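The values are calculated or read from the model by the stated rules, or taken from the named source; none is laboratory data. The shown structure was predicted, so the numbers you read here are calculated from the model rather than taken from an experiment. Methodologically, a virtual Cβ is constructed for each residue, glycine included, from the backbone with ideal geometry; neighbour enumeration extends over all protein chains shown. With ligands, DNA and RNA removed, areas are computed over all heavy atoms of the protein, side chains included. Shrake-Rupley method; radii C 1.70, N 1.55, O 1.52, S 1.80 Å.
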Amino acid sequence: MSHIWMMIAQRLALGLVTLLVVSLIIFLGTELLPGDFAQEILGQAATPETVAALREQLGLNDPMHIRYVGWLTDVLRGDLGESLANGQSVADLIGRRLGNTLSLALYAAAIAVPLSLSLGILAALFRNSFFDRVANASALTSISFPEFFVAYILIFWLAGAGGPFPSMANFRGDPSLGDFLYRTFLPALTLTLVVTAHMMRMTRAAIINLLASPYIEMARLKGMKPMRVIIRHALPNALAPIINVVALNLAYLITGVVVVEVVFVYPGLGQLMVDSVSARDMPVVQGISLVFAAAFVLLNLTADVLATLSNPRLIHRR
Amino acid sequence: MNSLTGSRGPSRRTVLQGSAAIGTAALITPWGTPLRAEPVRGGTLRVGMAHGSTTDSMDPGTWDSGFSILQAHTSNNYLSEIAADGSLIPELAESWEASADATTWTFTLRSGVQYHSGHVMTAEDVIASINHHRGEDSTSAAAPIVADITDITADGMNVIFTLSAGNADFPFVMSDYHLPIVPAQADGSIDAAGTDGCGPYAIEEVESGVGSRLVRHDGYWKPNSAWFDAVELIVIHDNAARQNALVSGEVDYIDTADLNTVHLLERAPGIEILSVTGTQHYGLPMDTRAAPFDDINVRMALKFSIDRQQLVDTILNGHGTLGNDHPIGPGQRFFNTELEQREYDPDRAQFHLREAGLESLDVDIHLADAAFAGAMDTGVLFAESAAASGININVVREPNDGYWSNVWMQEPFVGTYWSGRPTADWMFSTAYTDGAPWNETYWSHERFNMLVTSARSELDEDLRREQYFEMQQIVSDEGGTIIPMFAAYVGAHSDTLARPEQIATNWRNDGQRIAERWWFAT
């Protein structure tokens, strides 16, 4: 087992390097955008004097590398800094939104992962049947529509005048779990529809791939029921690719849902990122990119560890 | 709009005799004029807001988004207030008077006005609140409008403003949304992150870009106003989501209805559309220093080759009025009623082209929908209508992001919007006089500049009107901005909300005072 711990440590170290590189790229990217914070925040009301005063006040006149190194030292000390726009601590700003984003991602994943795995297994079991075709077709249809369109369709049918669900997912204070699940059902369903196809088809493909193997043939010849063959014999060996796809989709649920947030008025990280980029609010942009990058690094690491654990040949290496 | 010319705004005499103005004002209850039904107290007003960003802050010097501005008027009071009929009435000031040359203004404050925190307003608060925007190192968006103030002093409950030049409209400036009166701290500054104010509702919680909740201020001094128990402002960027929220009853009012679908929203049961045309206008400014726009005939040719009626019908879906290439709206005090409306006329456009010595004209116009909603479509329609007179307009699509810093006032021919200013002087000196920071056409006209300065401190109402009429004529005929349309503020509300007979036109949301002036019907 020790080599797994080694791998985790190694990957975490590499992850830190990745974060550093990401922060540098994001910083340079934000710098390349035309206009700076002082101009963007004053917008149409900017005058040369106020822009100059604001730059002076916020230290935007310092050269690029000094500002980056200054930011980096603060981060290494555990301080993400303050928003240029309203002086709120970036950690607070992100903290509140991250909680929302994670709860929604978790909610969507709790529906999407079991759903797509079972659909995938059933599709593999009854492959080329009517069920298989319908499941495939509907999953592919829902992934082919843009997210906002899926969202509007759901609102049209399930919310609006007389619909059972609210069209806005925003809530005030701390809602009860039931209330949270009710209010955010439509965004979670939208996300489910968007990510299901990918995971379901990977599950189906990975299992079907194994069904031609001799050991499956053997199991069948023993007279085992087809469902049992798939669950007990095929699935464990198909886990590695499935886990990877699931991890990728979970990362997407955390980082890529700004459109769904906007349509359902859900205060998550996506909108915060968009607003901060358009105002060139560097500390916030950097903070969020770190969170997003960390989500990818950690989820990929988890996927790799789980894939290793699912493979006895990798655990018991000689 | 009861009258197009005079009589609506206060005459100079009533402005000067501030206390007399209150006397008359009190008789006709300026907030909420003759009401349709007796307002009742209660309920939570939920407002869906189209514009609000996570970068909004509590600092009045940064207020810019629709969310900040409505919240400002809901939680704060100002020295003066623009009433629903467009006249200026005192708010935290009880009265004001000016020296004969209009350079020294004395505001007498209302006594016993309570902040949400329980403190009572003092003259020091007023000084601190205005000083927040002044000074060399001011980062406030309102710095230019208070730049004329050279000194502010207190004398008991009197605050005395000294200006560098006479300004008969100065009390109007004090109604600007950046200038709320908030408590002073011991060192004479204000707490820029604080939420205290003396407006009708106190901020209970606020999250930038998401929304805020305000509860009624029990100690509010203004009688017969602020009928709701609480107000919730909810930022809903997406047009469809916002309209859906209104139809499904999740909000009671939305500040912006999408003009492309407003006719569909109108058909929904229980929904009423609120459309008021005020001072908001869309324009296409040309850099008058750059060829070919430095030729007045070229500018005239372009002004004649835009089909204004078509733009109002399609871009605004009928919710607006024709513009006449000057920024003064038909509801304003000194609106020039004698000026002929400019029409789409390819023949005259061609005539002006020939005058400029040109057979045809090729120009680029740089647009993005950040300039105003429908700017790209406006460009395309303009190109179409101008083609008839041999003018080829190439519409260059610019990114919304960074539009105001990289395109506007940088490229020679662009799009712009102005929410307008309550007075003609304010509008002209913001964007049309030589050297004004936002003179977006870099236009310089000697006679015009002279008229602006002289009208600003002119005492005689008729003489003043004459001067403003001439200024509008000059801007319309010689200025660098094509102003094809005045866009209405279009919002919508559920019919459970009751509104006063007269809706203010100076701004969206009943002059941004919906929370103070509206109530729930029983």
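Look at segment A:81-93 and say how many of its residues are open to solvent by less than 10 Å² (accessible area, probe 1.4 Å) and away from every other protein chain (no Cβ under 11 Å). Number satisfying all stated conditions: 1. Can you tell me which residue among A:58, A:76 is at pLDDT 85 or above and either open to solvent by 30 Å² or more (accessible area, probe 1.4 Å) or touching a helix residue (DSSP H, G or I) at 6+ places or on another chain (Cβ under 9 Å) (or both)? Of A:58, A:76, the one residue that is at pLDDT 85 or above and either open to solvent by 30 Å² or more (accessible area, probe 1.4 Å) or touching a helix residue (DSSP H, G or I) at 6+ places or on another chain (Cβ under 9 Å) (or both) is A:76.
Residues satisfying the criterion are absent from segment B:289-304 (criterion: within 25 Å of the chain's Cα centre (by Cα), closer than 21 Å to residue B:420 by Cα and part of a loop (DSSP other than H, G, I, E, B)). If you go through segment A:223-273 and keep only what is on the phi > 0 side of the Ramachandran plot and buried (at least 20 other Cβ atoms within 10 Å of the Cβ), you end up with just A:265. Scanning segment B:86-105 for residues that are touching a residue at least 24 places away in the same chain (Cβ under 8 Å) and of a type in the set (S, T, N, Q) returns B:87, B:95, B:103, B:104.
Within segment B:376-401, the set of residues being crowded, with 21+ Cβ neighbours inside 10 Å and either within 24 Å of the chain's Cα centre (by Cα) or under 25 Å from residue A:45 (Cα atoms) (or both) comprises B:378, B:379, B:398. Filtering A:190, A:203 for residues that are part of a helix (DSSP H, G or I), within 14 Å of chain B (Cβ to nearest Cβ), open to solvent by less than 30 Å² (accessible area, probe 1.4 Å) and within 25 Å of residue A:254 (Cα to Cα) leaves a single hit, A:190. Is it the case, given these coordinates, that residue A:97 is within 14 Å of chain B (Cβ to nearest Cβ) and either small (Gly, Ala, Ser) or surrounded by fewer than 18 Cβ atoms within 10 Å (Cβ to Cβ) (or both)? No: the conditions fail for residue A:97.
Filtered by the rule that a residue be more than 25 Å from the chain's Cα centre (by Cα) and among the polar types (S, T, N, Q), segment B:227-244 gives a lone residue, B:244. Scanning segment A:256-276 for residues that are polar (S, T, N, Q) and touching a Lys or Arg at 6+ places or on another chain (Cβ under 9 Å) turns up just one, A:271.
Can you tell me which residue within segment B:363-375, out of those that are open to solvent by 10 Å² or more (accessible area, probe 1.4 Å) and free of Cβ contacts under 8 Å to residues at least 60 places away in the same chain, is nearest to the other protein chains (Cβ to nearest Cβ)? Ranking the candidates gives B:370 first. Looking at segment B:236-258 only, could you name the residues that are open to solvent by 20 Å² or more (accessible area, probe 1.4 Å) and in contact with a Gly (Cβ under 7 Å, 6 or more places away or on another chain)? Answer for segment B:236-258, where residues must be open to solvent by 20 Å² or more (accessible area, probe 1.4 Å) and in contact with a Gly (Cβ under 7 Å, 6 or more places away or on another chain): B:244, B:247, B:248, B:256.
Screening residue B:234 on (1) without any contact (Cβ under 8 Å) to a residue 12 or more places away in the chain; (2) farther than 29 Å from residue B:128 by Cα; (3) of a type outside the set (Phe, Trp, Tyr); (4) part of a strand (DSSP E or B) shows it passes everything except condition (1). Only a single item in (1) part of a loop (DSSP other than H, G, I, E, B); (2) at pLDDT 50 or above; (3) in contact with a helix residue (DSSP H, G or I) (Cβ under 9 Å, 6 or more places away or on another chain); (4) open to solvent by 30 Å² or more (accessible area, probe 1.4 Å) is not met by residue B:31, and it is number (2).
Among the numbered conditions (1) free of Cβ contacts under 8 Å to residues at least 12 places away in the same chain; (2) not in a helix (DSSP H, G or I), the only one that residue A:53 does not meet is (2).
Would you mind finding the one in B:25, B:20, B:37 that is touching a helix residue (DSSP H, G or I) at 6+ places or on another chain (Cβ under 7 Å) and modelled with pLDDT under 85? Step by step, each of B:25, B:20, B:37 is checked, and only B:20 is touching a helix residue (DSSP H, G or I) at 6+ places or on another chain (Cβ under 7 Å) and modelled with pLDDT under 85.
Would you check which residues across segment B:465-481 are of a type outside the set (S, T, N, Q) and either surrounded by 23 or more Cβ atoms within 10 Å (Cβ to Cβ) or part of a loop (DSSP other than H, G, I, E, B) (or both) and list them? Scanning segment B:465-481 gives B:468, B:471, B:475, B:479, B:480.
Screening segment B:240-282 for residues that are within 30 Å of residue B:428 (Cβ to Cβ) and in a loop (DSSP other than H, G, I, E, B) and picking the one that is farthest from the other protein chains (Cβ to nearest Cβ) gives B:259. Is it true that residue A:16 is in a helix (DSSP H, G or I), more than 13 Å from every other protein chain (Cβ to nearest Cβ) and either under 30 Å from residue B:418 (Cα atoms) or open to solvent by 60 Å² or more (accessible area, probe 1.4 Å) (or both)? Yes; evaluated as a whole, the condition is true for this residue. Exactly one residue out of A:42, A:104 is in a helix (DSSP H, G or I) and either within 26 Å of the chain's Cα centre (by Cα) or free of Cβ contacts under 8 Å to residues at least 12 places away in the same chain (or both): that is A:104.
Would segment A:127-145 turn up any residue that is outside any helix (DSSP H, G or I), surrounded by fewer than 19 Cβ atoms within 10 Å (Cβ to Cβ), within 14 Å of chain B (Cβ to nearest Cβ) and under 26 Å from the mean Cα position of the chain (by Cα)? Checked segment A:127-145: no residue is outside any helix (DSSP H, G or I), surrounded by fewer than 19 Cβ atoms within 10 Å (Cβ to Cβ), within 14 Å of chain B (Cβ to nearest Cβ) and under 26 Å from the mean Cα position of the chain (by Cα).
The number of residues in segment B:321-338 being over 15 Å from residue B:482 (Cβ atoms) and not in a loop (DSSP other than H, G, I, E, B) comes to 1. Just one of (1) under 14 Å from the mean Cα position of the chain (by Cα); (2) modelled with pLDDT of 90 or more; (3) crowded, with 19+ Cβ neighbours inside 10 Å; (4) within 14 Å of another protein chain (Cβ to nearest Cβ) fails for residue B:407. It is (1).
Among all residues of segment A:158-177, there is none that is open to solvent by less than 70 Å² (accessible area, probe 1.4 Å), touching a residue at least 40 places away in the same chain (Cβ under 8 Å) and either away from chain B (no Cβ under 11 Å) or in contact with a Cys (Cβ under 8 Å, 6 or more places away or on another chain) (or both). Scanning segment B:144-166 for residues that are under 30 Å from residue A:41 (Cα atoms) and either touching a residue at least 12 places away in the same chain (Cβ under 8 Å) or part of a loop (DSSP other than H, G, I, E, B) (or both) turns up B:144, B:145, B:146, B:147, B:148, B:149, B:150, B:152, B:161, B:163, B:164.
Checking segment B:41-53 against the condition returns a match, with at least one residue being open to solvent by 20 Å² or more (accessible area, probe 1.4 Å), among the hydroxyl-bearing types (Ser, Thr, Tyr) and modelled with pLDDT of 90 or more. Look at (1) crowded, with 19+ Cβ neighbours inside 10 Å; (2) closer than 30 Å to residue B:100 by Cβ and you find that residue B:164 fails only one, number (1).
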